Amino acid sequence: MPELPEVEVRRRAIERSFKTSILVSLDIYKKGIVKHGDASVQKRIIGETLRFVDRRGKYLVFVFPDALELTIHFGLFGEMAIAGAQEQYPSACARFVFDNNRALFLLKWAGIWFGRGVESLEKLGPDPVAEPAEFTLEYLGSSLSKKKTRIKQFLMDQAIIAGIGAVYADEILFKSGLLPTRTANDLSKYETSKLYHTTIKTLKTAIEKTDADGDGSRSFLSLEGRETCPVCGTEIVNTRLAGRRTLFCPSCQH
C-alpha cells in the first residue's frame, strides 16, 4: 500500500505537472471507484484551474477555485502515471486531462470523492510531516498513555497518526529500538521521545529518498527485503501481527 512518503511524492509530481493548469476533461473508466459522486462538483471542476494539491495522511485533495475539491485515495494497490493526454493505459481507472496536453492516469484502483466530504478525513489524527503543530511530543505521549494496544497497531491507527502503514511502522520501530509487540502505554519518557523524533525523521527521509529514486522500490529501508539485520547481523523475524506482515530484529529491538 502506498503510505505517507509515497503519497507525498505523488502529490509533488502532480503539482509539478499540473499546478495552475486547467482541467479540461475527466474520464471515469470504473464507476465503482467514485465513493461520493457530487454531480455538481464533478461538473463544475471542468474548466477550472488546479490551485494546489493538499495531502492528509494517505489522501490527496485537489483544490480548485470556489472551494471546489476532489479527493483521492490509492487504496492497497493504486498507482498513477503522468503522460501525454493521448497515451493509453489498459489498467487505467480514471484519466484527468489538463490544458497542457498532459494527463494524470489513476491505475489499477483508486477511491475518488467529489468534494472534501470524506468521513474518513475528519477522523484522521495529525499528519507527522504536514501538521507539525498538531503532531507534537506532548500529543504522542498523551495518546500512548491511553492505549493498551501493541505499539505497531498504535502507529498504524489512522485516527491517532495519519499516513503510517505496516512497512513504515516496522521501519520506525526498528530505528527506535522498540519491539512491535510492546504495549503502547508501557513506553518510558525516553522511549516516547525517541519514537517521536524517529517517526518524523524516518518519514521525511523516506520522502526525499523516494522522490530521488523514482522507482518506489523502498530499497533504502532497513529491514525490507533483507534476511539479516544490517546493524547486528541477527536473522530478521518475519511474522504477522494483527494480520499484517511484521519485520523486526530480536536483538536490536526491545
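Computed from Cα atoms, the angle from the helix 166-176 axis to the main principal axis of the chain rounds to 40 degrees.
Taking label points 7 Å from Cα along the Cα-to-Cβ direction, Phe52 and Ala159 give a separation of 3.0 nm. The gain in end-to-end length when the Arg240 to Met1 segment is fully stretched comes to 84.4 nm, 0.36 nm per residue minus the alpha carbon separation. Relative to its residue count, region 4-134 spans a Cα convex hull of 104 Å³ per residue. Cross-link reach is defined here as a Cα-Cα straight distance under 25 Å, omitting same-chain residues fewer than 8 places apart; for Lys189 the lysines meeting it are Lys146, Lys147, Lys148, Lys152, Lys175, Lys201, Lys204.
Measuring between their Cα centroids, region 160-181 and region 62-78 lie 26 Å from each other.
Label sites at Ala212 and Phe77, each approximated as a point 7 angstrom past Cα along Cα to Cβ, lie 3.2 nm apart. Note on region 1-71: the C-alpha convex hull projects to 5.1 nm² when averaged across all orientations.
Neighbour counting of Cβ atoms within 10 Å sorts the residues Phe62, Phe77, fewest neighbours leading, into Phe77, Phe62. Ranked for footprinting exposure by Cβ neighbours inside 10 Å, fewest first, Val41, Val63 give Val63, Val41. Between the entries [x] 45, 40, 35; [y] 56, 35, 28; [z] 58, 46, 37, the label attached to Cα extents along the principal axes in Å calculated for this structure is [y]. Stretching Glu131 away from Asp27 to a fully extended chain increases their span by 34.2 nm, per 0.36 nm per residue minus the current alpha-carbon distance. In region 132-224 the Cα-Cα distances spread across 10 Å bins starting at 0 as 16, 53, 26, 6 percent of all pairs.
Of all the options Gly75, Gly57, Gly243, the one that moves most in a Gaussian network model of the chain with Cα springs shorter than 10 angstrom is Gly243. Can you tell me the FRET efficiency between Asn101 and Ile200 if r is taken as the Cβ-Cβ distance and R0 is 41 Å, rounded to the nearest 0.05? Efficiency, rounded to the nearest 0.05: 0.55. Modelled label positions at Tyr139 and Lys123, each set 7 Å beyond Cα in the direction of Cβ, lie 1.9 nm from each other. Close amide H pairs (under 5 Å, H built 1.01 Å from N) link Met80 with Leu107, residues at least 5 positions away or on another chain. Between Gly177, Gly225, Gly78, the residue with the greatest mean-square fluctuation in the GNM of the chain (Cα pairs under 10 Å linked by springs) is Gly225.
The value of relative contact order for region 4-122, using C-alpha pairs under 8 Å at least six residues apart, is 31 percent.
Residues whose amide H comes within less than 5 Å of that of Ser25, counting only those at least five positions distant or on another chain, are Val97 (H built at 1.01 Å from N in the peptide plane).
For a modelled paramagnetic label at Glu224, 7 Å from Cα along Cα-to-Cβ, the residues of region 20-63 in reach, with backbone nitrogen under 16 Å, are 58.
Bear in mind these aren't lab numbers, they're just calculated from the coordinates by the rules spelled out. Source: prediction; values computed, not measured. Cβ: placed from backbone, ideal geometry, glycine included. Neighbour counts: every protein chain shown.
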